Amino acid sequence: MEVSAQSLARIAAERQFQPATLERVIRLLDILDAIAADSLIAPRV
């Protein structure tokens, strides 16, 4: 998920999160999506 700095700041302000924390969560979700999409790893997790 590509999120611009402006979008990140807007979402963080709306939800009252720290922008750095929100970005970290988004990146972790990207990693989880990649793991779930992998045919070798997904069945083992």
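Taking the range 1-42, which residues are of a type in the set (Val, Ile, Thr) and touching a Lys or Arg at 6+ places or on another chain (Cβ under 8 Å)? Walk me through it before giving the result.
Here is the first cut: in the range 1-42, the ones of a type in the set (Val, Ile, Thr) are 3, 11, 21, 25-26, 31, 35, 41.
Passing the criteria: none in range.
Give GLU2, GLU14 a once-over and let me know the one that is exposed (fewer than 11 other Cβ atoms within 10 Å of the Cβ) and assigned to a helix (DSSP H, G or I). Please lay out each step first, then the result.
Values: GLU2 fails: assigned to a helix (DSSP H, G or I).
Just a single option satisfies the conditions, and that option is GLU14.
Going through the range 32-45 one residue at a time, which ones are loosely packed, with under 10 Cβ neighbours inside 10 Å, in a helix (DSSP H, G or I) and aliphatic (A, V, I, L, M)?
First pass over the range 32-45, keeping only residues loosely packed, with under 10 Cβ neighbours inside 10 Å: 37, 39-40, 43-45.
Imposing the further condition that a residue be in a helix (DSSP H, G or I) reduces the set to 37, 43-44.
Matches in the range 32-45: ALA37 only.
Anything in the range 1-20 that is at pLDDT below 95, touching a helix residue (DSSP H, G or I) at 6+ places or on another chain (Cβ under 8 Å) and polar (S, T, N, Q)? List them, or say none.
None - no residue of the range 1-20 is at pLDDT below 95, touching a helix residue (DSSP H, G or I) at 6+ places or on another chain (Cβ under 8 Å) and polar (S, T, N, Q), so the list stays empty.
Among residues belonging to the range 21-45 that are of a type outside the set (Val, Ile, Thr) and in contact with a helix residue (DSSP H, G or I) (Cβ under 9 Å, 6 or more places away or on another chain), point out the one that is farthest from ALA5 (Cα to Cα). Step through it out loud before you land on a result.
Initially, the range 21-45 is screened for residues of a type outside the set (Val, Ile, Thr), giving 22-24, 27-30, 32-34, 36-40, 42-44.
Subsequent filtering for residues that are in contact with a helix residue (DSSP H, G or I) (Cβ under 9 Å, 6 or more places away or on another chain) retains 22-23, 36, 42.
On the way: LEU22: 11, GLU23: 9, ALA36: 26, ALA42: 31 Å.
Of everything passing the filter in the range 21-45, ALA42 is farthest from ALA5 (Cα to Cα).
The values are calculated or read from the model by the stated rules, or taken from the named source; none is laboratory data. All values reported here derive from a predicted model rather than from experimental measurement. In this analysis, Cβ positions are derived from the backbone assuming ideal geometry, glycine residues included, and neighbour counts consider all displayed protein chains.
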